[in-house]
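Have a look at the structure below before the remarks.
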Amino acid sequence: MVIITAFLVLSLMLSLVKAAATNVTTDQHALLALKDHITYDPTNLLDKNWSTNTSICTWIGVTCGVRHHRVTVLNISNFGLAGTIPPQLGNLSFLQVLIIGNNSFSGSLPDELAQLHRLKLVNFSFNSFHTQIPSWIGSLSKLQHLFLNNNNLVGTIPLSLGNLSSLRVVNLGFNQLSGTIPSSMFQISSLERLDLSENQLSDSFPSINFTLPSLQVIQFSSNSLSGGLPSHIFNYLPNLKMLSLASNMFDGQIPSTISECQQLQFLSLHLNNFTGYIPKEIGNMTMLKELHLGINELHGTVPSEIGNLRNLKILNLIKCNLAGIVPNTIFNISTLEELALVGNQLSGHLPSSIDSGLPNLEWINLRGNKFSGTIPKSISNVSKLSVLNLGSNLISGSIPFEIGDLPNLLELWLRHNSLTGFIPSTIFNMSKLEVISLQNNSLSGHLPSSIGLPNLKELHLWLNELDGVIPNSISNASQLLVLELSKNSFSGPVPTTLGELRYLQFLNIQSNQLTGEPSTQELTFLSSLTNCQHLNTLRLSGNPLHGTLPISIGNLSGILLFSANNCKIKGNIPLGIGNLSNLTNFELNDNQLTGSIPIQIGKMRRLQVLKLQGNRLQGSIPSEICNLRNLGDLYLSDNKFFGSVPTCLGDITSLRVLHLNSNNLTSTVPSSLWNLKDIVYLNLSNNSLIGELPMDIGSLRAVTYIDLSWNELSGEIPSSIGNLQNLINFSIAHNKLKGHIPESFGNLISLELLELSSNNISGAIPKSLEKLRYLKYLNVSFNRLDGEIPTGGAFANFSAESFMGNGQLCGAPRLQVPPCKTGSIRKSKTTKLVILICIILAIASAIVVLPLTILCEEDSRTQTHTLATIGYMAPEYGSEGIVSVRGDVYSFGILMMETFTRKKPTDNKFVERLSMQCWIKEALPHSVTEVADANLLGEENITAAKDCISSILELAVDCSANSPENRLDITIVLTTLANIRTRFQKSVART
């Protein structure tokens, strides 16, 4: 019996050992599957350590239970691994803790992980999972801690999370989750911390309807939550210590019941749309350490009750529309470390005893308010102060000398105030100071000859009344990144020691009285600046430098902006500028530069702004400028350039501003310029440009300013200019333009200035100009205009100077022109039109009786050897010498066009692409005034005249068809003309 019992016990033990070995093998297979799914292991840690030759319980990151030797903890965080999670990991059935945070795992979370029913802690944070949160997480009934933050998770928060009754900490922050926050999350009584910040969650704050005694932290910041905060929810959060709702879209008033959260230490409602007053009840939350209410739509004053918060360390009320005097109680919160009241309308003085009231203050920012008075000397006793920002207020008086005693001061911002007096020399020897910002005050005096500031990174002193020299010791500020000394009265040579500032990025010394070294013509300080390898911005403008640019300027290889206009710089532009390959802005305007533009300028491929106007440069404009395909602004005006406007400028599609005015250019305007669809400002005035303006000018749809005045341009004003609806200023004065003012100018809806004076423009002033509601200036003086001056719209504001020098204009006496005789004008113009119709009727009748050509028969073909006039002869005559009566009809059609437009088919405007027929055909029937002789359009019978001329020109187009078969029979032409005359005479009689 004993033997049998022993045998049974031994068998049971062997089976248990075998089962245990099997389970351990299962765990090993699961871990090896995870190892196989690792695609990146920077230190080969798993490859070296996870070996089948050793027990899994000794593997790095693995912890086994004492009893069953099964894996209970897997922690491979911070290994730098990349890969995916295998489904076999779900076979670790004893696993309680799973931590793979701070790696680069991606893919999905396998459903097999739902088998890990013993899990208490899951940490997948700081990885690259781009998937939805699986609903099976809600089945992990023992789960207490869930960390999925800092991934790329999408979709909604599963409702099943509300089933986890043991859950204590949830962190889903910094993902791309959307949808609403499940209210079931607030039914977990064990919940201590809930972090959903930095997602895309929307809708309102979830409902809370019973007490959550364990909940201490709610972080919902940086989402799209909206609506008001329900006032009752704070009654159910007795132990809440942190509430962060910043950067959402909450609105309504801040509930006064928030004070029920007596344990609250951190409250952030920053960057929302809250309105109303700051509830004074906040002063009852005596445990509060941080209060952030900035950037809301609040109003009113700062409640004095906030002064009761005796544990407060940070008070942030920036940009809350607050006004009034800041209560003294605020300046007596002795625990306060940071005070930010930026961008309000707060007023009052800083207390003289600020040191005793705020002894622990480290950071104070009152910028952008209406604080007045002086800076208290006692501020020097606030020894922990690292940032002092009182900028953009109404503070006056001098800067206290004692401010230099602040041992920990890093940043001093006193800009945009009314400070006067000297800058205390002690400030320039503060060893920790990194930023000095004193610009836009009325500070005076010299800079000290000895400057320390070994850690200074930014020095802003512009727009003051400082004078004297820039001391050579400025180089002691060896960490300087930004130096702004502009708009003062500094004088003397620019120190070459600036070149010792090896980290300098931004140098602005413009608008002073600085010079170059008196011992040399060359601006040597520019050579020294080539040692500043990080320098990207150099502003020198408005100083009487009186020198030449050194060849070494080309070594400023990192420079992005170089501005030295109005500096009395002379000599040539160095060839080395071609090495400034990173330069985007090059401004040397209003100097005394001579010579030509170096062709090396074409190497400055990143250049966006080139300003060389107002110099003495000469020669031709180099075509290499056209290599600057990023160029937006080109200013070459007021020089002595001659020759032609480079055709290739039209290839710089980025060009927005082009100034070539006031030179000696003599070519035509290149047709390529009209391809610059995005150009905004075009000035070619005061040259000797010739030729006609093409219809393509109407392609400049973005242009707002065109000045072509004081040239030798001829031809007619293109009607296509009426397409430029963004045009504000248009000047073509002092040219040789003729024809009439296009009716289409009435479409220039943005026009403010129209300058057409001193040309040979004829005809009437279009009444369509009355529609230009923004027109402020009009000058059509010294032309050949006639007819009545319009009276509507902006014309009521123009004086006689706008119209003088036009002998045939009539109108109101104030315009110093004769009064209009309406009846006689109508009769004379109407009669003229009827007479012309009668004349062409007589010619048509003659063609019926006697053809215009002499015909003879030869070899069954009708031919002539008589020379015909170019432009009037039919196409078949020009190609084959064939003449016929239908050829006479063609010539008659051309004759009608000439009669009623005062244009000839041989005019310069009619080139291969635009024949006289096409020009007229495009204008009919609605724009007949664009082509008709303006002298034939009577003021009282304008509609009848337009209809009459339109009908005649349509007939003329039909007569001049290219194919003889498509031309009208002369008898039909005669009948049609007679009907047009009769219809016109009846219309006139009715008026």
2 or more residues closer than 25 Å to L271 by Cβ and polar (S, T, N, Q): qualifying strands (runs of 3 or more DSSP E) within region 182-243: 200-203, 224-227
Matching option when the condition is surrounded by 19 or more Cβ atoms within 10 Å (Cβ to Cβ) and either more than 24 Å from I137 (Cβ to Cβ) or at pLDDT 95 or above (or both), among L45, L95, L32: L95
If I filter region 53-61 for residues that are outside any helix (DSSP H, G or I), within 19 Å of N123 (Cβ to Cβ) and β-branched (V, I, T), do I get at least one hit? yes
Output the residue which, of all residues in region 652-674 that are within 24 Å of the chain's Cα centre (by Cα) and not in a loop (DSSP other than H, G, I, E, B), is farthest from I597 (Cα to Cα). V657
Give the residue that is surrounded by the most Cβ atoms within 10 Å (Cβ to Cβ), with candidates limited to residues of region 102-119 that are under 40 Å from the mean Cα position of the chain (by Cα) and small (G, A, S). S106
Could you pull out the residue among L583, L538 that is among the hydrophobic types (A, V, I, L, M, F, W, C) and part of a loop (DSSP other than H, G, I, E, B)? L583
So which residues in region 486-509 are of a type outside the set (A, V, I, L, M, F, W, C) and within 21 Å of K457 (Cβ to Cβ)? S486, N488, P495, T497, G499, E500, R502, Y503, Q505, N508
Condition (residue is part of a helix (DSSP H, G or I), modelled with pLDDT under 95, more than 56 Å from the chain's Cα centre (by Cα) and not β-branched (V, I, T)) applied to region 67-85: is it met by at least one residue? no
Working only within region 460-479, note down all residues that are buried (at least 19 other Cβ atoms within 10 Å of the Cβ) and aliphatic (A, V, I, L, M). L461, L463, L466, I470, I474, A477
Restricting region 434-459 to residues that are in the same structural domain as L535 (by TED's automatic domain parsing), buried (at least 22 other Cβ atoms within 10 Å of the Cβ) and out of contact with any Phe, Trp or Tyr (no Cβ under 8 Å at 6 or more places or on another chain), the residue that is farthest from S386 (Cα to Cα): L459
Specify which of the listed residues (I717, I721, I706, I679) is in contact with a Lys or Arg (Cβ under 9 Å, 6 or more places away or on another chain) and under 28 Å from N797 (Cα atoms). I717
Contact list please: Cβ distance under 8 Å, first residue in region 339-350 and at positive phi, second residue in a loop (DSSP other than H, G, I, E, B) and not small (G, A, S), pairs at least six apart or on different chains. G343/I318; G343/K319; G343/R367; G343/N369; G348/V326
Does F490 meet the test of being of a type outside the set (K, R), modelled with pLDDT of 95 or more, out of contact with any Ser or Thr (no Cβ under 8 Å at 6 or more places or on another chain) and not in a loop (DSSP other than H, G, I, E, B)? yes
Matching residues, region 480-513, being polar (S, T, N, Q), over 15 Å from L529 (Cα atoms) and surrounded by fewer than 17 Cβ atoms within 10 Å (Cβ to Cβ): S489, S491, Q513
Assigned to a loop (DSSP other than H, G, I, E, B), modelled with pLDDT of 70 or more and of a type outside the set (S, T, Y): which single residue out of K903, K909, K921 fits that description? K903
G576 is checked against (1) buried (at least 18 other Cβ atoms within 10 Å of the Cβ); (2) outside any loop (DSSP other than H, G, I, E, B) and fails just one. What number does that condition carry? (1)
Out of the residues in region 383-424 that are assigned to a loop (DSSP other than H, G, I, E, B) and among the charged types (D, E, K, R), which is surrounded by the most Cβ atoms within 10 Å (Cβ to Cβ)? R415
Of everything in region 206-222, what is of a type in the set (A, V, I, L, M) and either in contact with a helix residue (DSSP H, G or I) (Cβ under 8 Å, 6 or more places away or on another chain) or crowded, with 20+ Cβ neighbours inside 10 Å (or both)? Give them in sequence order. I208, L212, L215, I218
Pick from S511, S473: which is under 36 Å from the mean Cα position of the chain (by Cα), modelled with pLDDT of 95 or more and of a type in the set (S, T, Y)? S511
R773 farther than 24 Å from N797 by Cα and part of a loop (DSSP other than H, G, I, E, B): no
Just name the residue that is farthest from the chain's Cα centre (by Cα) out of those in region 946-971 that are within 23 Å of I835 (Cα to Cα) and of a type in the set (D, E, K, R). D958
Criterion (outside any strand (DSSP E or B) and within 30 Å of the chain's Cα centre (by Cα)) met by exactly one of S750, S768, S757: S750
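The values are calculated or read from the model by the stated rules, or taken from the named source; none is laboratory data. Quick caveat, the model's predicted, so the values are computed rather than measured. Methodologically, a virtual Cβ is constructed for each residue, glycine included, from the backbone with ideal geometry; neighbour enumeration extends over all protein chains shown.
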